[in-house]
Amino acid sequence: MDFDIKKNYYDILGVKEDASQEEIKKAFKKAAVKHHPDRGGDKAKFQDMNEAYQVIGDEKKKSQYDAYRKGGFSWFGGGQWWGDFGGFGGGQWGFDFGDFDIGDLMGGIFGGGFGWWTRKKTAQGGDDIQVAMDISFEESYTGISKKIVYSRMKKVKWAEEKTCTSCKGHGSVVQQIQTPFGMMQSQVACSSCGGIGKIFTKNGKTLDNWWLEKEKETLEVKIPAGIHSGAYIKFADKGNESSSHHVGDFYIQINIARSTLYERKWDNLYTKANVSLFDMVLWWEIMVNHPEGKLKIKVPKGTQVGDMIKIAGKGFGSSGIFSKKWDLYVSPQIEIPKKLSKEQEKLWETLKAKK
């Protein structure tokens, strides 16, 4: 049993018992945004809301849950049986949002990633797959395309699929058990199909191991310019397949290597440049490192030690008619000459005398 009748899932989500699926979905979405741990919410409360949505957000589970709460599944004697259902898999924190994509929700709020968890679906939906990809700082600025090869579980092409005759495709059967309190009946997973409602065969022989096999997949990953470290790129329906033909998604977490040349603050780019006293005094042009290649810039008049030189439009951001790039800030690092020629010494003496 994948719900706990001792909990009132309607109260947890703040909806009425006759609420529609659309109202339940909206309530969960609103509560998830408010109580998400990434925004300082309570993790246990967020888990309870997720558990509630998995049950009453699914028509089939909701009807079973309501039947148990109203005594629809009881032992023959008029009393209700409140057995220990153990919650969700003995503490396994899994996520099954049906047609509601938590990735889309959290990505819109927290910058494309939901970081510290993975979504685990039941037999009704395929598992998501999550991998990490490392890129350089320069690649995060310019954007890049890379190929990735991974393995996922896919349905064997030669399998024959039939509705399970034992449960008539429901995935569960009613079981009667004699107890000291009388005859009791409960709903359990069908042993013939493992709770999926279907049987898969080859040449009349039932297939084991969920009729799935591991298959290699190659994807072309286009990493956009300006992506942040920790962000996710999602490929819908590229995860593991399931018995109900629902397919999980494939997520790539982008990790950006640290740079010894650059620093990113918001979408501004910061770097350092070695300059001489002559460059500072005479406002000469200097060469500056940039992810797109060396830049030649002029030291502005009046630049002092510790000042930042700003180059507009050379920071992070997207290009285009309605987009704007942020700025590049250069920190001049003064190089004091260790030795001067006699001619240079005379010139400095002349300048000193005219001071």
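The values are calculated or read from the model by the stated rules, or taken from the named source; none is laboratory data. Model, not experiment: these values are computed from the prediction. Methodologically, a virtual Cβ is constructed for each residue, glycine included, from the backbone with ideal geometry; neighbour enumeration extends over all protein chains shown. Side chains are part of the model used for accessible areas, which takes the heavy atoms of the whole protein and leaves out ligands, DNA and RNA. Shrake-Rupley method; radii C 1.70, N 1.55, O 1.52, S 1.80 Å.
Quick notes on this structure:
- Entries in Lys60/Lys214; Lys162/Lys238; Lys45/Lys325 that, when Cα-Cα distance is taken, lie over 29 Å: Lys60/Lys214; Lys45/Lys325
- Calculated P(r) of the stretch 263-355 - Cα pairs past 24 Å, %: 35 percent
- Glu23-Asp237 FRET efficiency (beta carbon distance; Förster radius 22 Å; 0.05 resolution): 0.20
- In the stretch 261-355, the GluC sites (Glu not before Pro) that fall in loop regions by DSSP, at most 12 other Cβ within 10 Å: Glu292
- For the stretch 247-355, the residue among Ile256, Leu340, Val275 whose Cα projects farthest onto the positive side of the dipole built from Cβ charges is Leu340.
- Surface listing: Asp66, Asp42, Asp11 arranged by accessible area from highest to lowest gives Asp11, Asp42, Asp66, probe 1.4 Å.
- Cα-centre dipole for the stretch 215-343 with unit charges at Cβ (Lys and Arg positive, Asp and Glu negative), debye to 20: 720 debye
- Of the listed residues Ser186, Ser63, Ser259, the order by accessible area with a 1.4 Å probe, largest first, is Ser63, Ser259, Ser186.
- Legend: P(r) of the stretch 130-177 from all alpha carbon pair distances, 10 Å bins from 0, whole percents, reading 15, 23, 17, 16, 15, 12, 2.
- Rolling a 1.4 Å probe across all protein chains gives Cys193 an accessible area of roughly 10 Å².
- Scalar couplings 3J(HN,Hα) for the stretch 51-59, obtained by applying the Karplus form with A = 6.51, B = -1.76, C = 1.60 to θ = phi - 60°, are 4, 5, 5, 4, 8, 7, x, 10, 3 Hz; x denotes Gly and Pro.
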